[in-house]
Every structure is written in structure tokens, then in C-alpha cells.
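Heads up, the thing below is written out as C-alpha cells.
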Amino acid sequence: MTIERAAEPFLLIRNLVKEFDGVRAVNDVSVGINKGEIFALLGSSGCGKSTLLRMLAGFETPTSGSITLGGQDIIAVPPYQRPINMMFQSYALFPHLTVWDNIAFGLRRDGLPKDEIAARVEQMLKLVQLTDYARRKPHQLSGGQQQRVALARSLAKRPQLLLLDEPLGALDKKLREQTQMELVGIIEEVGVTCVMVTHDQDEAMSMATRIAVMSAGRILQVGAPDEIYETPNCRFVADFIGSVNLFNGRVAEDEADHVIIETPEGKHYVTHGITGTIGMDVSVAVRPEKIALQTEAPTQAQRAKAAEHGCNCVRGVVTGIAYFGNETSYHVTLDSGMVLKVSRTNAARHDDAAVKRDQRVYAWWDGADVVVLTN
């Protein structure tokens, strides 16, 4: 899908603040969202993401700041006059109405002609593949089908902006994973700009064009899913997105093409420079899947330049193993006492060389897979 990138974002939020009894639930948030994007607000409960969504919908009035949609400031526009529709986690379907009538409800309230209502409802039923279920009531549908009815009702009014509040939170894990791709496909086919709120990082990573990670009312980082995961800009983002090993240490060597960080667990060789100084306190982040685990010491060729400096290799004992089918997760207790998380893809059905519990092992990684965090 091609995202329109105009000179000014389609949805522009500037210095937005919302206070409740003197406490800032949303604290000076500024972000631009392009037309056609699926933009995710990701964070734990109480981080301010739902309050921000409600301000976009018009259900909450900002304490200060501005919201511009398509070049128009909508702060003073009441919810029912905004070209915005919101789909709630509970779906809020009318139990006494059929699927057809649920989708038609908002169109009827807007006073559209009967033939136009019928045409739009049929179009939406076809879009969400529920034409054969038009005369059923919500209780006669599965959770995934109810979710699609709610989406069809939201899209029937042809909003400029679609807001999704934990859109798949009511579904079980397997159905949620199946529905994620269906939902993205429908939204992209319609071409509507979408802002979704979720606390589920897998949901955000699989559905969103870009993600904003929020904490304590602020946006900490905005980027594409791979940017957020591979190059987090702070400890919170690194720890919140996926699983990560964080080592605390200090800069021992700082060159244009590499950095060496000393930590209690050992030295880390990083194959790029950073903006820092010798002796500066930093954290080193290494993802579990980037770490190799073996009973024999890695060769110098395997570790490349890191071996010359005695870096990027630690020893410990396997104290925990969890098998997940597609991958196996290991907990390795290092000599320093730190528990290192390592994951390995189960590429073969049987792995006779698999590392066993209580074995003493080497864990090592490439300097290109290390991220240095200064805050």
C-alpha cells in the first residue's frame, strides 16, 4: 500500500495536553500521521493512549494544544460533526437488530436516502464477507464476525479518520492473530486513515504502518515496527517491545567505527560509533534471538573483530528451558549472577545437539546486533 506523504500530515497533533485534577494524562504530545496510515498508539494501562484517542474523537476536551485533520482545526468541532468514526473494544452492537440493520443504523440517523443506505450496507457486507449473515442477530455470530460487523458499521459512513480502541481485545489469541491480517486488508482496501490504541505489542507490530510508544503521557519513540524493535531510543522502549537483555556499563573506548562498553558481565564490542564520551554510563541491549548458544567456545572467525578485544562472549549455566514449538527459550545464569535470555528457532524437527538444562555454555553475539542506549 502507498502512503500519501503531503507537505503537512493529514492528522497533525501539536503540543496536546490533557489534565485531570492537575495530573497530566497526556503531556505535551506532538505527532503527525499521514493519509492512509495505520498508526498505533502502544503502551501499558494508564500511559495516556486512550485519553489521546478520546480527544481525537471529541469525547474529551484538551487542556491545551491543537488537533488538525485535513488542514482543519477540529478542537471546537463536536464529536457528531467530526468526519471520524470510532470502533470500541466491546463492538457496541445492538443485540435486537440484525447485522444489516446494525450497519445501516448510523446512515439512517444521518437521513440518507433508502436506496443509498441499501447500496452502502451491501457494499460493506461484501467488504467484510458477511453477505450471507445479513439477517442474523449479533448473538448468532462468532467473536470475529461481530468484530467485522462493528468495522463495517464504522466504515459505512465513510469517515476520513477511523479510530480503533483495542480492536481485537475481546478475541481469543488464535482468532486475534487470524483477524489481524483480515482487518488490515479491509482498512487498506477502503484507504481510510486509521489510529488504533493497543497494549498488545504483537498486534501493533503486525498491523501498524508506524508505532508510537507511550509512557506516562508522553510519546517516547515513533517509527516503523522494525525501527522500534531493532533501534529503540531508550531503555523503556527496548524493554517494552519484545524481549531484551540489558547490560549496564560504561564507555571504555569510543572510536568513529566502533565502541567498547565495559559491564560487570564482560566487554561489548559495537560495530558503530555513538554520541558519547569515555566513562559515560550507558546500557547495552541485545535481543535473545541475536545470541548464539553452544557448549564449545566460539571461534575467532565466528566472533570476528569482537574476539580481538575479548568482547561479546559470556559463560554461564542453563537454568531454564521453555519449548514453544517454533522456538525454544533458554535462561542462562551467568557467572555474574545475571540471567541471560536466549531464543533459538527450531528449524529441524529433532535437534540432537540441543543444549540441555544444567549444561555450562558459551553465549556470544555479533557487534552489529548490539544497541547502545544512553537514556
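Residues of segment 211-233 being of a type in the set (F, W, Y) and surrounded by fewer than 18 Cβ atoms within 10 Å (Cβ to Cβ), which ones?
First, pick out the residues of segment 211-233 that are of a type in the set (F, W, Y): 229.
If the condition is that a residue be of a type in the set (F, W, Y) and surrounded by fewer than 18 Cβ atoms within 10 Å (Cβ to Cβ), then no residue fits.
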- One residue from V332, V370 being at pLDDT 95 or above, closer than 20 Å to V244 by Cα and β-branched (V, I, T): V332
- In this structure, is M214 assigned to a helix (DSSP H, G or I) and aliphatic (A, V, I, L, M)? no
- State whether one or more residues within segment 189-210 are crowded, with 17+ Cβ neighbours inside 10 Å, in contact (Cβ under 8 Å) with a residue 40 or more places away in the chain, closer than 30 Å to G144 by Cβ and of a type in the set (G, A, S). yes
- So Q221 clears everything in (1) modelled with pLDDT of 95 or more; (2) not assigned by TED's automatic domain parsing to the domain that holds N85 except one condition, right? Which one? (2)
- Query: Mind checking whether some residue in segment 164-185 is over 20 Å from P95 (Cα atoms), part of a loop (DSSP other than H, G, I, E, B) and of a type outside the set (S, T, Y)?
  - Reply: yes
- If you go through segment 207-237 one residue at a time, how many are closer than 19 Å to G273 by Cα and not basic (K, R)? 6
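Take the conditions touching a residue at least 24 places away in the same chain (Cβ under 8 Å), in the same structural domain as S30 (by TED's automatic domain parsing) and over 19 Å from V17 (Cβ atoms) and apply them to I67. Does it pass?
Here the answer is no, as I67 does not meet what is asked.
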- Note on the structure: When restricted to I74, I84, the only residue farther than 20 Å from E189 by Cα, surrounded by 19 or more Cβ atoms within 10 Å (Cβ to Cβ) and of a type in the set (V, I, T) is I74
- Considering residues that are part of a strand (DSSP E or B), touching a residue at least 60 places away in the same chain (Cβ under 8 Å) and either out of contact with any Pro (no Cβ under 7 Å at 6 or more places or on another chain) or outside the structural domain of I260 (by TED's automatic domain parsing) (or both), the number found within segment 330-342 is 2
- Please indicate, with yes or no, whether at least one residue in segment 40-56 is free of Cβ contacts under 8 Å to residues at least 12 places away in the same chain and part of a loop (DSSP other than H, G, I, E, B). yes
- Which pairs have Cβ atoms under 6 Å, sit 6 or more apart or on different chains, and link a residue in segment 293-322 that is in the same structural domain as D358 (by TED's automatic domain parsing) and closer than 18 Å to S343 by Cα to one that is of a type in the set (S, T, N, Q) and part of a strand (DSSP E or B)? G316/T333; V317/T333; T319/T333; A322/S329
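Out of the residues in segment 256-288 that are within 14 Å of A306 (Cα to Cα) and of a type outside the set (V, I, T), state the one that is surrounded by the fewest Cβ atoms within 10 Å (Cβ to Cβ).
D257
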- If you go through segment 87-136 one residue at a time, how many are at pLDDT 90 or above, part of a loop (DSSP other than H, G, I, E, B) and aliphatic (A, V, I, L, M)? 4
- Would you be able to say whether some residue in segment 161-169 is among the acidic types (D, E) and touching a residue at least 60 places away in the same chain (Cβ under 8 Å)? yes
- Does L52 fit the bill of being in contact with a strand residue (DSSP E or B) (Cβ under 7 Å, 6 or more places away or on another chain) and either surrounded by fewer than 19 Cβ atoms within 10 Å (Cβ to Cβ) or not hydroxyl-bearing (S, T, Y) (or both)? yes
- Message: Condition first: among the basic types (K, R), closer than 12 Å to I291 by Cβ and modelled with pLDDT under 95. Can you find one or more residues in segment 347-357 that meet it?
- Response: no
- Message: Looking only at segment 137-148, count every residue that is closer than 22 Å to G169 by Cβ, modelled with pLDDT of 90 or more and either outside any helix (DSSP H, G or I) or in contact with a helix residue (DSSP H, G or I) (Cβ under 6 Å, 6 or more places away or on another chain) (or both) and tell me the total.
- Response: 2
- Item | Search result, residues across segment 231-266 that are of a type in the set (D, E, K, R) and either at pLDDT 95 or above or more than 18 Å from A368 (Cβ to Cβ) (or both) | R235, D239, R250, E262, E265
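The values are calculated or read from the model by the stated rules, or taken from the named source; none is laboratory data. Quick caveat, the model's predicted, so the values are computed rather than measured. Glycine gets a Cβ as well: all are built from the backbone with ideal geometry, and neighbour counts include every protein chain shown.
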